[in-house]
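Peer 1: Below you will find the structure I want to go over with you.
The values are calculated or read from the model by the stated rules, or taken from the named source; none is laboratory data. Remember, predicted model here, so these are calculated numbers, not experimental data. In this analysis, Cβ positions are derived from the backbone assuming ideal geometry, glycine residues included, and neighbour counts consider all displayed protein chains. Just the protein is used for accessible areas: all its heavy atoms, side chains included, with ligands, DNA and RNA removed. Shrake-Rupley method; radii C 1.70, N 1.55, O 1.52, S 1.80 Å.
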Amino acid sequence: MERDYRDYTGLVGILPLILIGWFFRPWFHGLVMGFYRNPALLYMFLALGALMAIKPRRYVLEKNYTLPLILGGLFFLSIVAIILSSPFANTELYREYHPSLVTGELNLSTSYIRILPKFTAYRYAIDTIEYARYTLSDGHLTMLNGTPVWGFYIVPDGAWNSIRLKDKGVLFVDMGTTQAKMQRIEEELQVGPGMQFFDNLNWVLYKKHYLVDLDLPRALYYNGKLYIVVPYISYDFKVFYTVPKWGGVFIVDEDGNVEDLSPEEAINDERLKDFPIFPEKLVRSVVEAQNYWKDSVFANIKNLWLHHENQIELIDVSNQGNRQPFLVVANDGRKYWMTAVEPYGKAHGLAAIYLMDARTGEMSQVKFETPLTGPVKAIDYVKKALPTFDWSQFMAVEPIPVFIDGTLWWRLAIIPRSGSGVAKIAFVNAETKEVKIFEDEREVREFLLRGEVVQAEEIAGEVKALYSYIKDGNTHWILVVGNRTLYISAADLSDELILKLLSIKQGDNVTVVISEGRIVDIRR
């Protein structure tokens, strides 16, 4: 009897490659996600590969066109699917995320405005690093004790050091002042950015959850412990396209332990109660999807290709890294991703502002009845206001939207091209094009709080006592700071100042700013 001997050498040779590829799968994440996010692209390559593998010339010579025609048709359909995948995905994304509320005003805090640009914050921070084998990562916006700050990871410097050494901690830089006000948290991180190979943050997280895209890793300092918080984007698979969505949040502790939280778990996590956890990268996709507002996909395609009705564009100032969205804080302490958009085309006006809750993703929209200037042209108005300024040595950076008494202004920082400090702070009125320029930080704060600059008195010292009582239906306080006694009425305070006053405890060191007999700021 003749035995059937089968050759398994090919399988034996392929199996180790599969196992090696599976182990090193984080290294191929970009390639895999390119096909996963765009399945029509994968189908196209499969159809093309199959068409080439069957040797179509042989089929033509034999006059049997069935299989080549089928594969060629599939290849053509895949190309059509690639073209249609973006409109289908964006139309569904719009249905999932579109403004449920159109507001007429923005109650944003003027106490948490970004004054210090990212480039200058980096220069301040890097000049304090005294370790020969360490440097700083790229900066990111994060929160420290409820206040927005710039965060920089202290990472190994150089390829060899990134293999041997661990991240040394995080350096936080106050973004609400032009001064170099920093807090360094030194704690060796077992997993983090800037390290190689198996303690690299991306390696560990993609091992945990592969078919996702990571947002920026933000440093969180909570109850004496350092965490890395990474929101991520997952995708709903729709045969020839995918729709992005908020997948969840990774939390990595100092020891490298990873928690994978669902969006609901992240919202309810005590550590993240004041933290931006909705993916910043997803915000841009959601805002761009607002162009797909019509009911059908093909109506959206027709509108975007021909009519451009209600079409918008994101406004980014080129060559500055000042990409939207901006993280802003409301008077009630809630954080939002703010995105300003302009009309489609060559116009540089302001079409609308979108706000997305940085914790829940709830979306609202603000439209303006009067024509407003956008951030790109705001830079031109600042340069026009300073015609003798040496712009070869300085640059106007980071136009940030701020609202003062309901009026939109663009805040710009004028800094040396080396980034070593802030020379001036400028504000451009988006409606009237009026430009105000300040060199003194106190004047900047006065303008943000009152819309004008007046003489102010600062009372600094320890809180000796704080009493409250009700009079004529209003809450009043008696605040003793140092050797001064202040009598305060809730009627004279904004909601934000009331919250600041209620957070003060006896023994705290505070600075109370008084202008024209009224409290305009309380700083701790």
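Peer 1: Scan region 294-314 residue by residue and report those that are over 12 Å from Pro87 (Cβ atoms) and outside any helix (DSSP H, G or I).
Peer 2: Asp295, His308, Glu309, Asn310, Gln311, Ile312, Glu313, Leu314
Peer 1: Given the options Glu439, Glu458, name the one that is open to solvent by 50 Å² or more (accessible area, probe 1.4 Å), in contact with a Ser or Thr (Cβ under 6 Å, 6 or more places away or on another chain) and in contact (Cβ under 8 Å) with a residue 12 or more places away in the chain.
Peer 2: Exactly one of Glu439, Glu458 is open to solvent by 50 Å² or more (accessible area, probe 1.4 Å), in contact with a Ser or Thr (Cβ under 6 Å, 6 or more places away or on another chain) and in contact (Cβ under 8 Å) with a residue 12 or more places away in the chain, namely Glu458.
Peer 1: Right, something else. Residues to consider are Tyr210, Tyr292; find the one that is touching a residue at least 12 places away in the same chain (Cβ under 8 Å), in contact with a helix residue (DSSP H, G or I) (Cβ under 9 Å, 6 or more places away or on another chain), farther than 22 Å from Phe172 by Cβ and surrounded by 19 or more Cβ atoms within 10 Å (Cβ to Cβ).
Peer 2: From the options Tyr210, Tyr292, the qualifying one is Tyr292.
Residues are listed down the side, and each one gets a yes or a no for (1) modelled with pLDDT under 95; (2) out of contact with any strand residue (DSSP E or B) (no Cβ under 8 Å at 6 or more places or on another chain); (3) part of a helix (DSSP H, G or I):
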{"residue": "Met195", "(1), (2), (3)": "yes, no, no"}
{"residue": "Leu220", "(1), (2), (3)": "no, no, no"}
{"residue": "Leu226", "(1), (2), (3)": "no, no, no"}
{"residue": "Gly247", "(1), (2), (3)": "no, no, no"}
{"residue": "Ile251", "(1), (2), (3)": "no, no, no"}
{"residue": "Glu265", "(1), (2), (3)": "no, no, yes"}
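Peer 1: OK, next. Determine, yes or no, whether Pro325 is buried (at least 18 other Cβ atoms within 10 Å of the Cβ), closer than 22 Å to Asp357 by Cβ and either under 16 Å from the mean Cα position of the chain (by Cα) or of a type in the set (A, V, I, L, M, F, W, C) (or both).
Peer 2: yes
Peer 1: Among residues belonging to region 440-483 that are at pLDDT below 90 and basic (Lys, Arg), point out the one that is farthest from the chain's Cα centre (by Cα).
Peer 2: That would be Lys471.
Peer 1: Determine which member of the set Met182, Met143 is surrounded by fewer than 20 Cβ atoms within 10 Å (Cβ to Cβ) and under 30 Å from Ser503 (Cα atoms).
Peer 2: Exactly one residue qualifies, and that residue is Met182.
Peer 1: Identify the residue in region 91-115 that is in a helix (DSSP H, G or I) and open to solvent by less than 30 Å² (accessible area, probe 1.4 Å) and, among all such residues, is nearest to Gly451 (Cα to Cα).
Peer 2: Here the residue is Leu93.
Peer 1: Hey, another quick one. Restricting the search to region 177-188, which residues are in contact with a helix residue (DSSP H, G or I) (Cβ under 9 Å, 6 or more places away or on another chain) and touching a residue at least 60 places away in the same chain (Cβ under 8 Å)?
Peer 2: Passing the criteria: Thr177, Thr178, Gln179.
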